[in-house]
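Below is one structure, written out as structure tokens, with a few remarks after it.
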Amino acid sequence: MVGAMQSIVIMISGRGSNMEALLTAKLPARIAAVISNRPDVKGLALAAARGISTAVVDHTAYASRIAFDAALMDEADRHAPDLVVLAGFMRVLGDDFVRHFEGRLMNIHPSLLPLFPGLHTHRRALEAGMKIHGCTVHFVTTRLDNGPIVIQAAVPVLDSDTEETLAARVLVQEHKIYPQAVRWFLAGKLYVTADGRVRIHAEERATDALVAPPATNAVSRAGS
Ligand code: GRF
């Protein structure tokens, strides 16, 4: 598959501003589809207006989360995605779904993880008296909002902030870091260590300068 363009499926639940940032970023990949778990959301209309294939897998139509996840997996798999990007996708995904796409499933979360997993992150950051706040792109694992961190951005929290003003300041950063994370992924620059940390290779994976253990030189010097 050398030279084949990679394909991305984006999953949304609402207004789709992160999705739009990804579409605008002109990523070197094909956006194969945008899937929403809610019908009639703004993000679907935005995607359709750009000629992107859209689908709805309405969670309310399924009797169980397992059945919903299976339908979602089938819909995503139809596009054989190299990467599945959760962009404001507001359903918790089951372990089977996550395992199926593990390593090629990314999410953006509006806090500096591991602080404030879950909902209402901006309100909770204000209530905690945080002086900085931000957003995180991470690989998704079966532990909610807890996967390996790819990139984060921080913003100041101002005395005058409300939940809305703080959310807006963070959102500007979300729209910058998500395309960056996806670019790194597409270029094969992301590597997750055994202890769950993401390393970003300065060069392509094949470059050995970054993976050579520091001891190598010492050993060869000693032997020479
Ligand atoms: C973003 O703040 C994202 O971090 C969170 O949900 C929000 C979605 O916004 N997961 P949008 O739909 O991308 O505009």
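The values are calculated or read from the model by the stated rules, or taken from the named source; none is laboratory data. The structure presented is a predicted model; accordingly, all values stated were derived computationally and were not measured. Note that each Cβ is placed from the backbone with ideal geometry, even for glycine, and that neighbours are counted across all protein chains shown. The protein model used for the area step is the full one, side chains on, heavy atoms only, and it has no ligands, DNA or RNA in it. Shrake-Rupley method; radii C 1.70, N 1.55, O 1.52, S 1.80 Å.
How many residues does region 98-151 hold that are within 11 Å of the chain's Cα centre (by Cα), farther than 25 Å from ALA71 by Cβ and of a type in the set (S, T, N, Q)?
Total meeting the criteria: 1.
Please go through region 9-43 and pick out each residue that is β-branched (Val, Ile, Thr) and near the ligand (Cβ under 8 Å from one of its atoms).
ILE12 - this is the single residue of region 9-43 that is β-branched (Val, Ile, Thr) and near the ligand (Cβ under 8 Å from one of its atoms).
Just give me the residues in region 103-122 being open to solvent by 70 Å² or more (accessible area, probe 1.4 Å) and more than 13 Å from ASN146 (Cα to Cα), in sequence order.
Those that are open to solvent by 70 Å² or more (accessible area, probe 1.4 Å) and more than 13 Å from ASN146 (Cα to Cα): LEU119, HIS120.
Of the residues ARG78, ARG123, ARG99, ARG104, which single one is among the charged types (D, E, K, R) and touching a helix residue (DSSP H, G or I) at 6+ places or on another chain (Cβ under 7 Å)?
After applying the criteria, what remains is ARG123.
Tell me, yes or no, whether region 119-132 has at least one residue that is closer than 20 Å to VAL92 by Cβ, of a type in the set (Lys, Arg) and not in a helix (DSSP H, G or I).
no
Against the conditions (1) part of a helix (DSSP H, G or I); (2) within 11 Å of the ligand (Cβ to nearest atom); (3) not hydroxyl-bearing (Ser, Thr, Tyr), where does ALA76 fall short? Just the number, please.
So the condition that ALA76 fails would be (2).
Residues checked against (1) touching an Asp or Glu at 6+ places or on another chain (Cβ under 6 Å); (2) modelled with pLDDT under 95; (3) of a type in the set (A, V, I, L, M, F, W, C); (4) within 25 Å of HIS175 (Cβ to Cβ):
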site	(1), (2), (3), (4)
ALA70	no, no, yes, no
HIS79	no, no, no, yes
PHE97	yes, no, yes, no
LEU112	no, no, yes, yes
LEU115	no, no, yes, yes
ARG124	no, no, no, yes
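Select, from ARG199, ARG143, the only residue that is modelled with pLDDT under 95 and surrounded by fewer than 19 Cβ atoms within 10 Å (Cβ to Cβ).
ARG143
Could you grab the pairs with beta carbons closer than 7 Å, sequence gap of 6+ or different chains, first residue in region 114-127 and over 16 Å from SER160 (Cβ atoms), second one of a type in the set (Asp, Glu)?
PRO117/ASP145; GLY118/ASP145
Kindly evaluate ALA21 against the criterion of being within 30 Å of LEU126 (Cα to Cα), in contact with a helix residue (DSSP H, G or I) (Cβ under 8 Å, 6 or more places away or on another chain) and of a type in the set (A, V, I, L, M).
Yes; evaluated as a whole, the condition is true for this residue.
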